[in-house]
1. Would you check if L244 is part of a helix (DSSP H, G or I), of a type outside the set (V, I, T) and buried (at least 17 other Cβ atoms within 10 Å of the Cβ)?
2. Return the total of residues in region 84-117 being β-branched (V, I, T) and either within 14 Å of F163 (Cβ to Cβ) or touching a strand residue (DSSP E or B) at 6+ places or on another chain (Cβ under 6 Å) (or both).
3. Might you check whether a residue that is farther than 22 Å from G133 by Cβ, out of contact with any Gly (no Cβ under 8 Å at 6 or more places or on another chain) and not small (G, A, S) occurs anywhere in region 14-29?
4. Return a yes/no flag: does region 195-217 have any residue that is more than 16 Å from A26 (Cβ to Cβ), of a type in the set (A, V, I, L, M) and touching a residue at least 40 places away in the same chain (Cβ under 8 Å).
5. Any idea which of T2, T9 is within 22 Å of K121 (Cα to Cα) and among the hydroxyl-bearing types (S, T, Y)?
6. Consider only pairs whose beta carbons are under 7 Å apart and that are at least six residues apart or on different chains; among these, list those whose first residue lies in region 79-108 and is in contact (Cβ under 8 Å) with a residue 24 or more places away in the chain and within 30 Å of H24 (Cα to Cα) and whose second residue is of a type in the set (A, V, I, L, M) and assigned to a loop (DSSP other than H, G, I, E, B).
7. Examine region 173-180 for a residue that is modelled with pLDDT of 95 or more, hydroxyl-bearing (S, T, Y) and surrounded by fewer than 22 Cβ atoms within 10 Å (Cβ to Cβ), and state whether such a residue exists.
8. Enumerate the strands (runs of 3 or more DSSP E) found wholly within region 21-121, keeping only those where 2 or more residues are on the phi < 0 side of the Ramachandran plot and out of contact with any Ser or Thr (no Cβ under 9 Å at 6 or more places or on another chain).
Amino acid sequence: MTERCALITGGTSGLGEAMARRLHDAGHTVLVTHHAGSHNADHWLEDQAAQGYRFRVYEVDVADHEACQDLARQIEADGHEVDILINNAGITRDATFRKMDKGKWDDVLRTNLDSMFNMTKPFIDGMTSRGWGRVICISSVNGTKGQFGQTNYSAAKAGIQGFTKALAQEVARKGVTVNAISPGYIATSMVAAVDPEVLEKQIVSQIPMGRLGRPEEIAATAAFLCTEEAGYITGANIAVNGGLHMY
């Protein structure tokens with residue numbers, strides 16, 4: 001297997017952490033980003049190192065175009081060429097549309113959708129010039145089926161799917177694949193914050209498999225898309241949702 005360099009946004013928690021560990025296990029150099037104030041990155045690195053995982057952490061606001069440009073320059077200065085980019089960072093600011101203010105709309109669209117441009121733009125030319133690359137964008141089941149109280153989130157996640165399919169067509173002949181993964185409800189801290197009664201009665205009860213997904217199941221899907229064997233898969237939106245929404 002050829003060792004590659006992977007960059008994962010929002011890589012120090014939840015799905016991002018699971019994907020970082022899985023790609024590390026596959027022998028890749030793994031760089032992760034985190035947002036300032038999200039948690040103590042040094043403590044996270046120490047904890048990961050104690051378990052045999054060595055990552056490089058960069059601080060960046062993926063909603064800030066110039067900050068992402070600076071990040072790309074820093075990564076290059078550190079001697080890394082990004083072969084695998086996983087656009088994972090995202091937030092929620094839920095409210096019914098009638099009660100949603102412009103701030104909640106903008107925060108989610110900028111972080112979840114504008115970040116696709118901000119983070120992919122600095123690295124895509126390097127991938128195409130080298131003739132190999134993998135871009136994976138984390139969308140959501142709610143980008144396809146919608147969700148009450150999430151017009152901002154659902155719009156952003158639907159936009160990710162369109163971004164993925166369009167970019168995939170542009171770079172396919174250059175050896176670069178671009179795919180989306182749309183998780184359903186996964187056992188992360190974001191889902192854990194939901195009221196337990198609501199979680200059980202309104203979410204888990206609607207999932208044919210009768211359980212939440214595991215972060216490792218999303219990580220396994222992402223890891224496969226990064227392999228040589230997945231080289232003929234591009235422009236796909238892969239649903240990993242326990243049967244909650246089939247399309």
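1. no
2. Residues flagged as β-branched (V, I, T) and either within 14 Å of F163 (Cβ to Cβ) or touching a strand residue (DSSP E or B) at 6+ places or on another chain (Cβ under 6 Å) (or both) within region 84-117 amount to 2.
3. No: region 14-29 contains no residue that is farther than 22 Å from G133 by Cβ, out of contact with any Gly (no Cβ under 8 Å at 6 or more places or on another chain) and not small (G, A, S).
4. Scanning region 195-217 turns up no residue that is more than 16 Å from A26 (Cβ to Cβ), of a type in the set (A, V, I, L, M) and touching a residue at least 40 places away in the same chain (Cβ under 8 Å).
5. T9
6. Correct list of pairs: A89/V62; V108/I91.
7. no
8. The qualifying strands (runs of 3 or more DSSP E) are 29-34.
The values are calculated or read from the model by the stated rules, or taken from the named source; none is laboratory data. Being a predicted model, the structure only gives us computed values, none of them experimental. Ideal geometry is used to build each Cβ from the backbone, glycine not excepted, and the neighbour counts take in all protein chains shown.
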